[in-house]
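The values are calculated or read from the model by the stated rules, or taken from the named source; none is laboratory data. Every value quoted in this text rests on a predicted model; they were computed, and no experiment measured them. Here Cβ is always computed from backbone atoms with ideal geometry, including for glycine, and neighbour counts include all displayed protein chains.
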Amino acid sequence: MFFKQIDLTTALRPSLISGEELLFVQDGVGLYEGKYKIPHCQQGYAYLTSLRVCYVDEKEPRKNSVALDLREVEKTDYQAGFLKSSPKITFHPKLPRDGHQLVRLADGRIAVEGGSSSFPVSRANSPRRYSSFPPPLPPSNATWICPICSFSNPVPSKFDPSNANASIPLPQCLACGIKPPLAVVLKAAVAAASKRILPQHTDEEFSGNATSTTDDPVQTETTITCPRCTFHNHVSLPACEICGAPLRSEQQHYPMVNGGSKPRRAESPGPQLAELNLDDNAELASVKISFRAGGDKTFHDRLKGAMTQRKWLLQSAPSIPSPLSPSTTRDLDNETGLARTPITRPASTPVGIAGLERRGLEMRKNNEVVIGTAFEDLEALMASAKDIVALAERFAIDSGRNAAETSLVFSESAAALGMVTTKDKLDSGSDNLYLSELSRNLAEYLTDDRTGVLRAEGGVMSLVDLWAVFNRSRNGVELVSPLDFHKAADLWGRLNLPVRLRRFKSGLLVVQRSDWNDDKTVQQLKAWLRQLQQIAPAEEVHWEWSIFGRGVSAQETAQRFGWSVGVAIEELEMAEDKGVLCREEGIEGLKFWSNFLVEDGSDAE
Amino acid sequence: MATASSSLTTSSMFTFPPTYSFPPFFSPQPNAQTRSAQLSKWSSLVQSYCRHHRIFKLLLSDALESPLFHNSKLMRRLSAHDAKAVVDYMTSKEGGNRAEWIGPATEKASAWIWWRRPEEWAGVLEAWVDGTGQKGTVLTLYELVEGEATENQEFHGMDMEVLRKSLGTLVKKGKAQVFGGEGQEGVKFF
């Protein structure tokens, strides 16, 4: 429940749903489930949006990226760093609707407390409740006390006191991060092992009349016979002392506090979990994000803000009812409510010009009311934020009709993109993170199919043009400095993004899809020039156009392929450099021809 | 109208290679590979043009206005600088030593175009002498190039200077001897 798999964009960032807004990004974070590290989720980026907290793994982002919805978070705790332990933020999940409360037991386990029914009995009778809330931690009772900070740490269940030696890697103290001496852990494990029979008895008492799963004869014995070598092992040992064969199922091995019949998660390999389970059944008690590269304070601040604002409520909220037509049936999930209102009017739809005019009038009045009520007080504005934004966008479009079409598209796209990285969204200290985020942002912007910026430019775009367009799409705020822009573009290659920066011989920097290369460009040019051999030139010419075709200027090329002239010149010169084209410097300027100087040596006498 | 000149132009029209009507042919190419292909095409054009018109000594200033370097139909022409570059290329080893500048190296106003190199001319002369059984006889240079006996030969009407150069190569090899004074030289083939 708590963690969900997420979709990533082409630039390996979480793809946002409509209305979602990016609030903060931090790199160098790891995930914990309870007290345990989640494997493969220890080095990545944390994205805080208005609706979610996303973790995107650095190594395998497509595989190990998860998110949790803020709406499912009951509360968050902030834990400052201590010695080697990084600062962490803990997310506690919300309860199911039936009003039960989570009680955190002393050892970190979670129990469900019923509303009215008495504690143990109701528990045994309603397995559903704890099947949805199984204790998250492996109930290893053994704890060792850190000699440095005296924090009680769980002994890893894998830890076998009988064959422990110095070479076994020991977990660090969860509080201070210092490795304990072996003796301390050993002592704790042995002490715990000797005490372990006790909870099993209480277990049986608790489960009482319920169908008992614990009446295994082995349970009452003080030794377990190894099924492989028949050695009599101590009852608490998980594996045979002599041959190492596993001795018993974990149900017998791990006494359950609640007596639930549901099998527990497989044994926990120390402070790290075997794997991240995204099952519905595998519910997590709490989730921690460890901030190993700082940024925790800002993250927590923004998180608090997001939790207070509760943007998710806005998402599912109906827009304000139209005062003009209270009977109008409106979709609750309407997205373009304003425009649709008059259309969904059920009866007596006036037709003709009168109908159109009436419709227009109604819409204007509705807009008036929306704006009027919205600005009455701040609360109302917040409530109708969605409508206002939609309205404002429509106004912007209407007024922008006369402007160049491109600027319209771009301003729209920026709004639709919604994921504009700004320095503000990141900690000021982490310049690298800003650049990598900006880099991803740019890659997304370029490859976004809605705008097709790169496609419109014929697949190649000079960096300067991109910078101008990108900044324009930000509507004049939060502009990116050329230096940052250049650095971000340089990062594309390293971040494995689908675009790349290319430097022409002259030093001109262009942006290209990473799967595009010179050969493809050359093929394009060649095909075009070959095509020109079929077409008679407009004016009479004195050469055999059916053999030589004709020369093309950079302007023509730019027009033909949608490149900018600068790019066209560079591409032509690149092709010339490869010997595919040759040049003609005439009174009409520089023109490029298919290279017949090299291609055929037929007329050499 | 001089008969000599009319015979040059009317003998038959020189057919230019197709590249001659390819506009980029007249622009210097920056790509090294294309450039060398272009120059070698120019070199062969200059040679065949000179052979056709029996030009031994190319005066650049004249040639620039001639159809060789000026395609009036196409309205393209080779600049003086580029023409020099072409001849330069021809004089180089890379261009097969098919030309030789006349006068000081800085001037570069005219050049020998070796559509047949002096050694090659020497071979032709020798073959002719051999074929006509004139070994040991003394021939004047004038006789060689303007005499009736050589009318059908390739070296008929040859530039005196070129003749002297080619005979010089024979002398070096000891196959001929040149004697006599200026204007009345004779040659004896061995």
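The strands (runs of 3 or more DSSP E) found entirely in the stretch A:13-76 that carry 3 or more residues being buried (at least 22 other Cβ atoms within 10 Å of the Cβ) are A:22-33, A:44-49, A:52-57. Scanning the stretch A:192-227 for residues that are at pLDDT 75 or above and either touching a Lys or Arg at 6+ places or on another chain (Cβ under 9 Å) or crowded, with 16+ Cβ neighbours inside 10 Å (or both) yields A:Ile224, A:Cys226. Just one of (1) of a type in the set (Gly, Ala, Ser); (2) closer than 20 Å to A:Asp7 by Cβ; (3) at pLDDT 80 or above fails for A:Ser481. It is (2).
Report, by residue number, each residue of the stretch A:550-588 that is hydrophobic (A, V, I, L, M, F, W, C) and more than 14 Å from chain B (Cβ to nearest Cβ). Of everything in the stretch A:550-588, those that are hydrophobic (A, V, I, L, M, F, W, C) and more than 14 Å from chain B (Cβ to nearest Cβ) turn out to be A:Ala554, A:Ala558, A:Phe561, A:Trp563, A:Val565, A:Val567, A:Ala568.
So is A:Ile547 within 14 Å of chain B (Cβ to nearest Cβ) and surrounded by fewer than 17 Cβ atoms within 10 Å (Cβ to Cβ) or not?
On the way: within 14 Å of chain B (Cβ to nearest Cβ): yes; surrounded by fewer than 17 Cβ atoms within 10 Å (Cβ to Cβ): yes.
Yes; evaluated as a whole, the condition is true for this residue.
Among the residues of the stretch A:470-511, the ones that are surrounded by 19 or more Cβ atoms within 10 Å (Cβ to Cβ) and in contact with a Ser or Thr (Cβ under 8 Å, 6 or more places away or on another chain) come to 9 in all. One residue stands out among those in the stretch A:562-596 that are part of a helix (DSSP H, G or I) and in contact with a strand residue (DSSP E or B) (Cβ under 8 Å, 6 or more places away or on another chain): the one that is farthest from A:Leu463 (Cα to Cα), which is A:Phe596.
Results for (1) in contact (Cβ under 8 Å) with a residue 40 or more places away in the chain; (2) closer than 12 Å to B:Phe189 by Cα; (3) basic (Lys, Arg), shown as yes or no for each residue.
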site	(1), (2), (3)
B:Arg98	yes, no, yes
B:Pro104	no, no, no
B:Lys108	yes, no, yes
B:Trp115	yes, no, no
B:Val129	yes, yes, no
B:Gly136	yes, yes, no
B:Glu143	no, no, no
B:Gly147	no, no, no
B:Gly157	yes, no, no
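The set of residues in the stretch B:57-91 that are among the small types (Gly, Ala, Ser) and outside any loop (DSSP other than H, G, I, E, B) comprises B:Ser61, B:Ala63, B:Ala80, B:Ala83, B:Ala85. So which residues in the stretch B:130-156 are in a loop (DSSP other than H, G, I, E, B) and exposed (fewer than 15 other Cβ atoms within 10 Å of the Cβ), if there are any at all? Selection gives B:Gly133, B:Gln134, B:Lys135, B:Gly136, B:Thr137, B:Gly147, B:Glu151, B:Asn152, B:Glu154. For the stretch B:38-52, a residue qualifies if it is touching a residue at least 60 places away in the same chain (Cβ under 8 Å) and facing chain A (nearest Cβ under 9 Å), and the qualifying residues are B:Gln47, B:Ser48.
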